[in-house]
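The structure under discussion appears below in the form of C-alpha cells.
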Amino acid sequence: MAKHWADFQYEIYLNGMTGAVPRLPTDLTRLEELTEQRLGPGPVGYVAGSAGNGSTARANRAALERRRIVPRMLRDVHARDLSVEVLGRALPAPLALAPVGVLSIMHPDAESAAARAAAAQGVPYILSSASSTPMEQVAEAMGDAERWFQLYWPKDPEVARSFLNRARAAGFSVLVVTLDTPLLSWRPRDLDQAYLPFLHGVGTANYFSDPVFQAGLAKPVHEDPNAAVTRFVGMFSDPAKSWPDLAFLRENWDGPIVLKGVLHPDDARLAAQAGMDGVVVSNHGGRQVAGSVAAADALSRVFKALALGARAVLVGRPYVYGLGLDGQPGVEHVIRCLLAELDLTLALSGHATPATVGPSDLTEEPG
C-alpha cells in the first residue's frame, strides 16, 4: 500500500516505544505560546501581531470555527492521494509555505532552513522579497525543488525588473505579488516595542545584493548602511500602483502570476481580465486592515479552505514558529503534522482525494 501522510502518527507512536516523544507539540496551536516563552517580544510580536486590536486575526479563526465538517460514512478511503495540480504544477498536497519576511529574527538559518524543509517534504516554498537571505542563496539551498517568488512591488521599476530577472534565473517558477501592503498598517505590538527590523538592515538582503539597487547608492552598502536603508524605505512600497500597472509584470515575467491579498470578487475579476493566473484570498493574516473581512483560508484549517473552493492553502505563522523553536526540523514537523491531519480528516470525512471535497461537506453554525 502506498505511503500516506497520515503514517506520521504511527512513526510518532513507534518512536514512543523507545521513550522518544516529539520535540514540538503536534497541536500546532500551542506553538505560538511556546515561541512567546522562548523568543524576545520584538521578533514574536512582529510575527504574531496584527493590525489594530487584532480583530481581523480573530475573525479569520472565527469564520473557520463556524464552518463545521460533515463526515460521510462507508466510502472507500483506503487508498488516498493528496496530490493536486496548481498553476500547471503537480504538487504532493494542496499546501505551500507562505511568504514571510525577515526570518533571521526567528532563527539564524532563516529562509534557507525553511526552504530546505519545504524541499525535503516536496511542498513549494514562497520566498519573500523582504527576506533576510538573498534569493540566489535560498535557491541553492533548495536544489531542484519547487519555489515561488513573492514580490513587494517597489516604486523603482528598474529594481522591480531586476528582481524578476534574478528570480527567474534562480529557478523561481511562479510570481506571487502582494497587493495589500502599499503601506504598513498600524501594528501596536511592533509600535509598542518600536520594532521594525528593516530600519536595521534586516529583511533587506535582496535589495542590498541587487546591482540596480546598488547603482543608486553613492557608496557601497557596507560603507554607508544608513543610506542603503533610507533608499530601501523610500522604494519598498508604492501606494500609487493601480490595475493598469499589472501590464509591467506580465511584460517582465513569462510564468504564472498570482495576486495575493484579494478579498473582493470584483478584484478577482479584474485580476483575471488583466491576464493574471490566480489569486490568494488573504488579509495578510490580519496584519493590514483592522476590521477586515475574514479570509476563509486562514492558517492551518486546510480541509475547510478546500471545501470553500481553494485549490491550495498557504500556511504562514505555524511554520515560522516551528522555525523559531527548532530550525529546519521544526518547519518539517509543522508540515508533516498539517498534512497528516489533513490526510486523516479527509479519510474520516469520506474522501480519498482533495478533488471530491466541496461546499456540501461543511455546515455553518449561526454567527
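Inside region 253-367, counting only strands (runs of 3 or more DSSP E) that do not spill past its ends, which hold 1 or more residues that are closer than 20 Å to G122 by Cα and of a type outside the set (F, W, Y)? Steps first, answer last, please.
Values: elements: 257-262, 278-281, 313-315, 362-364.
Correct list: 313-315.
So how many residues does region 152-178 have that are touching a residue at least 60 places away in the same chain (Cβ under 8 Å), closer than 25 Å to T230 by Cβ and hydrophobic (A, V, I, L, M, F, W, C)?
5
The rows are residues; the columns are (1) over 30 Å from G201 (Cβ atoms); (2) touching a helix residue (DSSP H, G or I) at 6+ places or on another chain (Cβ under 9 Å).
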| residue | (1), (2) |
| --- | --- |
| G45 | no, yes |
| G54 | no, yes |
| R58 | yes, yes |
| E65 | yes, no |
| E85 | yes, no |
| L95 | yes, yes |
| H107 | no, yes |
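In region 73-89, which residue that is basic (K, R) and surrounded by 14 or more Cβ atoms within 10 Å (Cβ to Cβ) is nearest to L362 (Cα to Cα)? Show your work before the answer.
Residues of region 73-89 basic (K, R): 75, 80, 89.
If we keep only those that are surrounded by 14 or more Cβ atoms within 10 Å (Cβ to Cβ) too, we end up with 80, 89.
Details: R80: 20, R89: 28 Å.
Across region 73-89, the extreme among qualifying residues is R80.
Exactly one of (1) surrounded by fewer than 20 Cβ atoms within 10 Å (Cβ to Cβ); (2) more than 30 Å from E364 (Cβ to Cβ) is unmet by G101. Its number?
The number of the failed condition is (1).
For region 134-159, give me the residue count where each residue is out of contact with any Pro (no Cβ under 9 Å at 6 or more places or on another chain) and under 30 Å from W5 (Cα atoms).
Looking only at that region, the number is 9.
Which pairs turn up if I take residues in region 121-141 that are under 16 Å from S104 (Cα atoms) and look for partners that are surrounded by 24 or more Cβ atoms within 10 Å (Cβ to Cβ) and of a type in the set (F, W, Y) with beta carbon separation below 6 Å, at least 6 apart in sequence or on another chain?
Every condition considered, the pairs that remain are L127/F149.
Determine which member of the set A51, A63, A59 is buried (at least 23 other Cβ atoms within 10 Å of the Cβ), more than 30 Å from D254 (Cα to Cα), more than 16 Å from the chain's Cα centre (by Cα) and in contact (Cβ under 8 Å) with a residue 24 or more places away in the chain.
From the options A51, A63, A59, the qualifying one is A51.
Give me the pairs, please: first residue somewhere in region 214-230 and closer than 16 Å to P197 by Cα and in contact (Cβ under 8 Å) with a residue 24 or more places away in the chain, second residue anywhere and part of a loop (DSSP other than H, G, I, E, B) and basic (K, R), beta-carbon distance under 9 Å, and either six or more positions apart or on two chains.
From residues that are closer than 16 Å to P197 by Cα and in contact (Cβ under 8 Å) with a residue 24 or more places away in the chain, the pairs are A228/K219.
Could you please let me know if A240 is of a type outside the set (K, R), farther than 30 Å from L342 by Cβ and either in contact with a Ser or Thr (Cβ under 6 Å, 6 or more places away or on another chain) or crowded, with 20+ Cβ neighbours inside 10 Å (or both)?
Details: of a type outside the set (K, R): yes; farther than 30 Å from L342 by Cβ: yes; either in contact with a Ser or Thr (Cβ under 6 Å, 6 or more places away or on another chain) or crowded, with 20+ Cβ neighbours inside 10 Å (or both): no.
When the stated conditions are applied, A240 does not pass them.
Among the residues of region 244-296, which ones are over 17 Å from the mean Cα position of the chain (by Cα), of a type outside the set (D, E, K, R) and under 21 Å from V159 (Cβ atoms)?
P244, L246, A247, F248, L249, N252, W253, G255
Could you pull out the residue among A113, A119 that is in contact with a strand residue (DSSP E or B) (Cβ under 8 Å, 6 or more places away or on another chain) and at pLDDT 95 or above?
A119
Could you tell me whether any residue of region 248-257 is at pLDDT 95 or above, closer than 15 Å to L179 by Cβ and in contact with a Ser or Thr (Cβ under 9 Å, 6 or more places away or on another chain)?
Scanning region 248-257 turns up no residue that is at pLDDT 95 or above, closer than 15 Å to L179 by Cβ and in contact with a Ser or Thr (Cβ under 9 Å, 6 or more places away or on another chain).
For residues in region 26-78 being touching a strand residue (DSSP E or B) at 6+ places or on another chain (Cβ under 8 Å) and charged (D, E, K, R), which is nearest to G350 (Cα to Cα)?
Selected residue: R68.
In the list E111, E11, E32, E65, which residue meets the criterion of being among the acidic types (D, E) and under 26 Å from D361 (Cβ atoms)?
So the residue among E111, E11, E32, E65 that is among the acidic types (D, E) and under 26 Å from D361 (Cβ atoms) is E65.
The values are calculated or read from the model by the stated rules, or taken from the named source; none is laboratory data. In this text, all values refer to a predicted model and were calculated from it rather than measured experimentally. Because the Cβ atoms are built from the backbone with ideal geometry, glycine has one as well, and the counts that use them run over all protein chains shown.
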